[in-house]
Structures are given as C-alpha cells and as structure tokens.
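Asker: Sending over a structure as structure tokens; questions will come in a sec.
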Amino acid sequence: MAKFFSIIFLFMCWAGFSQNPAPMPASKQTTQLTLVDSSSQIAKELKIAQDTVFKANIDHEHAAALDSKWLEELYSNTLFDTIYQSVTDLNFEEVDYPELPTDTLKARLKELNAKTPFNVEYNPSLESVIKSYLKNRRETLQKLMVLSSYYFPMFERELDNYNIPLEIKYLAVVESALKPRAKSRVGATGLWQFMFSTGKLYGLDVSSYVDERSDPIKSTEAAAKYLAKLYEIFGDWDLALAAYNSGPGNVTKAIRRSGGYQNYWNIRHNLPRETAGYLPAFLANMYIFEYAEQHGFKNIKPEFTYIETDTVHVKQMITLDQVSEVTDVNIEELQFLNPSYKLDIIPYIKDENYTLRLPRWAIGGFVTNEDSIYAYAKAEFDKREKPLPQFFDSDDKRTYVVRSGDYLGKISRQFGVRVSQIKQWNGLRSNDIRIGQRLTIYPRNFVAQTSSNANKATTPSSATKTSISDDIITYVVKSGDSLWSISQKFPGVSVQNIKDWNDISGTKLKPGMRLKISKG
C-alpha cells in the first residue's frame, strides 16, 4: 500500500495537466491528373501567373448549399462547445422520458455492463443523464454518430494496439465532440484534449506549423499510452477516466476526502464540478451509441470513411490550397483530412515524416505528377516572398465583416482568393474566425456582392474576367486532361484564365472539347 501511494505522489504533479481500396467516383474520373508531357519538361517550362482558385464557381445551387452546410458542420466548434457545456452543467435531476422505461434501461445497462470493464450498473443519476440526452440532444447525437463513422475505426485500431478497452472511443465524444481542432478554455487541444505539456510528454510535436495533438492517429496513440499508465496506477477504468480529465492528483485528493472510497460514484462529490459529470456523460454516450438503433437514430454514411483515404509522404513544403488546385479536392475537405497543419502548410523537415491524407481517388494522380506539383508549389512560394505591394493594389483592398455561417473557405471562394492568403493578410495563425471580425481582402477574379447577397458565392457573370488576346490557339482536350494539367502546357496560363476564356464554370472536361488558349 505504501508503494501504491508513493507512485500516486509521483503523479500528483500531473494534476495541472487536465485532459479536458475504393473505386474512383465517376464525377472525379475526368479530372484525375495524367500529364502527357514529361514532368521534367513541365517543371522547366513552368511559369506561374496570378494565384488561382480551382473551385471558384458553383455547379448547382442546391447541391452547393448542401455542401456548404456539411462543410460548415465539419469546420464549426459548435458541437464541441455544446458538449463541454452539457458536461459542466449536469444536475442529475429526474427527467420525464416515457419512451425509455426504467426497467428497460436497467436490463440494457446490465447487458452492457457484462461486456465492458466499466461500471455501467444502473443508478438514478446515470438514468437522468441518459434520458436528458435522448430528450434534449437528439440532433447533436445524430451528428456525432455520422462523424464517428470516420473516426471510430482509427480509434479502435490504436486502442487495440495498447490493449485498451475499445469503449474508450466514446471518450473522444465527451472530450472534443470529435473535433480534431477543438480547443478548450484552458488550451487543451484536439480529439483527446491534451494540454501542451502532457502532449509533449507523450510525444506529440507542437510547432509553428504542426500541432500533433490535432492529428487523429498520433493523438489517439498518445491517449492510449496515457490511459494505460493511469489504469496501471489506479487499477480501475472509471478512476482512470476521472484522472484523465482532472489529473491524478485531483482523484487522489477526492479519495482522501471521501474517507478512502475508491469507487467513482462514492468520490464524485469530492471531484471538480466538470469531472463529477464526466463519467456519467461518458457512460450515457456509450449507452446511446450502443443502442442507437433501438432509439431511432439513423445510420447515415459520412462524406468520408477512413478506408476511403490514404496518405503520401511530402517531399517538399506545400500548402493545402495548392494541393486543392492540382487534385480537385475541396480545401475544406483537405483541412478535415489534415487537421494537424495549423497554417494549412505541410512543412518539409529532414528526418521528419509529414504526410498528406487524400481521398483514395486522388492519390494516384498526385503520386504520378509529384515532380511537376512540387515545382509548381516552389514557384508559388518563391513568388510570395516578394513584398505585398508588388501583387496587390491597396486601392483594391476590401474589408469584410464575418457573418454567421462564414468560414475561411467560404469567404475565399466569394472573393476568388485562397484561404492561406486571407490568413497571411490578416495575421491569422489558425482557421478560427468570429462573427463581427473584420478581415482585409485583396480580391482577385471576383468582386464582392451587395450586402443582401454577401453570403452567396459570386457568379461568373459578376466576376472580373481576364480578357483573351487576338493571338489564340485551339487546344483539343485529351483523355486524362484536367484544367490544371492543360494550364501547365502553356507558360503564364492559369486555371482561372482557361475558365474565363472558355466560359467554364466547373472543372469537368470531356475528351474532344475545344478550348481557346491565349498566347499573348
């Protein structure tokens, strides 16, 4: 026993470390990158004109509205804030929810308790939380179930590697609402809400470019290691979870103040307020996810599943919006798949293996054309080193006031600029923006609309287009061509140039299509 408490003492200093292959879609086949010219020739001829936006126009108003809602959901911290508040404010009052009789709940909890190492036995407090969630949080829970289809498979693999109960995956729901860039009021970050010091202790790198606390796989591995150590100390998974949230020191103090009890429900009243509601919230989510079908939740396929993505090691610094332009993957999708890159820049550092996660259908085109893609990225970086006045006329500067529902990708498309540019112009080190915030924008090919339409994407008819000179040639589209691969065949021609000259609003090309290209 003395040895046990000496180990506990060593970990009390942690109290401050609170832890708060798929086929290519048909729609993508015409845009897969297959360059005809050799990559070395393309790199040699490469000249970059102005920055372009590969997906500046919207193909269908209704479909675009649906995409916008989904992207906003992925990019918003609303779910995280709601979950955090619900855990803090749990009051365990009796809830009237006749759809779940107490006897039915008792039977299901007994069934669940038999197959998990957690103490899921019935008690009135747990019943209160479960019924409260089912009654008041159905919409939030449905959204979380959709997101879980992407994250849970990767969680389960890492947890299994460290012999951690797979039910721990539900902890990320309570910790972050499955938001990899979620950040608490005290700075805990990521799906598993690591503080800076604890993240460093478990091998999570945090630098100006990268925050591995937001990397789904690396952070899950770190969480598994930390939880395994906590279980080794406390010998009880309920107490290990409490220690994960508030720090081992707070749990040992609660044990002392309760007179030596070591059952979570007996020491709960001596734990910090948030931790007192932490395990009940975890168990309630476990129950609801395990019995989702019985409670009428829908099994909705997410936009991405983990097995439909793959990674490539980067060989040179590249930005996510450069990747978006050459792969036809939306910038918000890239940010969702690569959340650990704080500035949307993937750095290249010797002896570090930074990866880019892409949908599987985009992997082949990226790998096939790596040399030309990196040459393109380098040329853009070289150009951006020049002073701002050489590229942007101060008379063209616009001030944009952030509205409800805005996010950087949406604003970038409205003005025909890139997310990374908006961040550079406004000194933003993350993608977080707030309603009422004023952003400086230097518009490119698009102009801002009137205030009544300010939240809608600008259409080609309202854009300022690049005029075509009299000296033109006709290019016949070949199988495998994309707008980007064609633009690389003509020095000084950008994707947006080709779209403007040929009145193309989307990115799809058909073999045999004739395109006008200016030589001037």
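The values are calculated or read from the model by the stated rules, or taken from the named source; none is laboratory data. Not measured: the values here are computed from a predicted model. Cβ coordinates were reconstructed from backbone atoms using ideal geometry, including for glycine residues, and neighbour counts include every protein chain displayed. Heavy atoms of the whole protein, side chains included, go into the accessibility calculation; ligands, DNA and RNA do not. Shrake-Rupley method; radii C 1.70, N 1.55, O 1.52, S 1.80 Å.
Asker: Considering only the stretch 114-141, how many residues are surrounded by 15 or more Cβ atoms within 10 Å (Cβ to Cβ) and under 22 Å from the mean Cα position of the chain (by Cα)?
Answerer: 2
Asker: Restricting attention to the stretch 210-220, report how many residues are open to solvent by less than 20 Å² (accessible area, probe 1.4 Å) and acidic (Asp, Glu).
Answerer: The number of residues fulfilling the criteria is 2.
Asker: Then there's this: Would you confirm, using the coordinates I've provided, whether Asn369 is buried (at least 19 other Cβ atoms within 10 Å of the Cβ), among the polar types (S, T, N, Q) and touching a Lys or Arg at 6+ places or on another chain (Cβ under 6 Å)?
Answerer: no
Asker: Something else about it: Tell me which residues, restricted to the stretch 278-314, are within 26 Å of Gly409 (Cβ to Cβ) and assigned to a loop (DSSP other than H, G, I, E, B).
Answerer: Of everything in the stretch 278-314, those that are within 26 Å of Gly409 (Cβ to Cβ) and assigned to a loop (DSSP other than H, G, I, E, B) turn out to be Ile300, Lys301, Pro302, Glu303, Phe304, Thr305, Val314.
Asker: Just one of (1) at pLDDT 80 or above; (2) within 30 Å of the chain's Cα centre (by Cα); (3) surrounded by 13 or more Cβ atoms within 10 Å (Cβ to Cβ) trips up Ile435, so point out which.
Answerer: Tallying (1) at pLDDT 80 or above; (2) within 30 Å of the chain's Cα centre (by Cα); (3) surrounded by 13 or more Cβ atoms within 10 Å (Cβ to Cβ), Ile435 fails exactly one: (3).
Asker: Take the residues of the stretch 173-213 that are touching a Pro at 6+ places or on another chain (Cβ under 9 Å) and among the aliphatic types (A, V, I, L, M): which is nearest to Ala284 (Cα to Cα)?
Answerer: Looking at residues that are touching a Pro at 6+ places or on another chain (Cβ under 9 Å) and among the aliphatic types (A, V, I, L, M), I get Leu191.
Asker: Same structure, new question: Pick from Arg256, Arg273: which is among the charged types (D, E, K, R), farther than 20 Å from Ile168 by Cβ and modelled with pLDDT under 90?
Answerer: It is Arg273.
Asker: Can we say Ser452 is at pLDDT below 50, over 35 Å from the mean Cα position of the chain (by Cα) and open to solvent by 50 Å² or more (accessible area, probe 1.4 Å)?
Answerer: Spelling it out, it is not the case that Ser452 is at pLDDT below 50, over 35 Å from the mean Cα position of the chain (by Cα) and open to solvent by 50 Å² or more (accessible area, probe 1.4 Å).
Asker: Still on this structure: For the subset of the stretch 106-128 comprising residues that are part of a helix (DSSP H, G or I) and touching a Phe, Trp or Tyr at 6+ places or on another chain (Cβ under 7 Å), which member is farthest from Asn263 (Cα to Cα)?
Answerer: Filtering the stretch 106-128 for residues that are part of a helix (DSSP H, G or I) and touching a Phe, Trp or Tyr at 6+ places or on another chain (Cβ under 7 Å), the one farthest from Asn263 (Cα to Cα) comes out as Arg108.
Asker: Kindly check whether there is at least one residue in the stretch 287-303 that is open to solvent by 10 Å² or more (accessible area, probe 1.4 Å), of a type outside the set (Gly, Ala, Ser) and touching a Pro at 6+ places or on another chain (Cβ under 8 Å).
Answerer: no
Asker: I've got another one for you. Looking for whichever is modelled with pLDDT under 75 and either more than 35 Å from the chain's Cα centre (by Cα) or crowded, with 20+ Cβ neighbours inside 10 Å (or both) here; the options are Ser467, Ser487, Ser461, Ser482. Which one fits?
Answerer: Ser467
Asker: With Ala228, Ala243, Ala223 as the choices, which residue is assigned to a helix (DSSP H, G or I), of a type in the set (Gly, Ala, Ser) and open to solvent by 20 Å² or more (accessible area, probe 1.4 Å)?
Answerer: Sole residue among the options that is assigned to a helix (DSSP H, G or I), of a type in the set (Gly, Ala, Ser) and open to solvent by 20 Å² or more (accessible area, probe 1.4 Å): Ala228.
Yes or no, residue by residue, for (1) modelled with pLDDT of 95 or more; (2) under 17 Å from Glu274 (Cα atoms):
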site: Thr104; (1), (2): yes, no
site: Pro117; (1), (2): no, no
site: Val129; (1), (2): no, yes
site: Lys143; (1), (2): no, no
site: Ser176; (1), (2): no, yes
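Residue-by-condition table, conditions (1) charged (D, E, K, R); (2) touching a strand residue (DSSP E or B) at 6+ places or on another chain (Cβ under 8 Å):
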position	(1), (2)
Arg185	yes, no
Phe194	no, no
Tyr202	no, yes
Leu227	no, no
Pro248	no, no
Arg257	yes, no
Leu279	no, no
Asn285	no, no
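Asker: For Ile255, state whether it is open to solvent by 10 Å² or more (accessible area, probe 1.4 Å), of a type in the set (A, V, I, L, M) and assigned to a helix (DSSP H, G or I).
Answerer: Yes; evaluated as a whole, the condition is true for this residue.
Asker: Which numbered condition trips up Arg444, out of (1) under 30 Å from Thr189 (Cβ atoms); (2) modelled with pLDDT under 75; (3) surrounded by 15 or more Cβ atoms within 10 Å (Cβ to Cβ); (4) not β-branched (Val, Ile, Thr)?
Answerer: For Arg444, the exception is condition (1).
Asker: Can you tell me which residue within the stretch 176-209, out of those that are in a helix (DSSP H, G or I) and open to solvent by 10 Å² or more (accessible area, probe 1.4 Å), is farthest from Ser430 (Cα to Cα)?
Answerer: Per the criteria, the residue is Leu201.
Asker: Sticking with this one: All but one of (1) more than 18 Å from Asn299 (Cβ to Cβ); (2) more than 17 Å from the chain's Cα centre (by Cα); (3) open to solvent by less than 60 Å² (accessible area, probe 1.4 Å) hold for Asp160, so report the exception by its number.
Answerer: Among (1) more than 18 Å from Asn299 (Cβ to Cβ); (2) more than 17 Å from the chain's Cα centre (by Cα); (3) open to solvent by less than 60 Å² (accessible area, probe 1.4 Å), Asp160 violates only (3).
Asker: Considering only the stretch 319-338, I want to know if a residue exists there that is in contact with a strand residue (DSSP E or B) (Cβ under 9 Å, 6 or more places away or on another chain), open to solvent by 30 Å² or more (accessible area, probe 1.4 Å), at pLDDT 90 or above and not β-branched (Val, Ile, Thr).
Answerer: Scanning the stretch 319-338, I find no residue that is in contact with a strand residue (DSSP E or B) (Cβ under 9 Å, 6 or more places away or on another chain), open to solvent by 30 Å² or more (accessible area, probe 1.4 Å), at pLDDT 90 or above and not β-branched (Val, Ile, Thr), so the answer is no.
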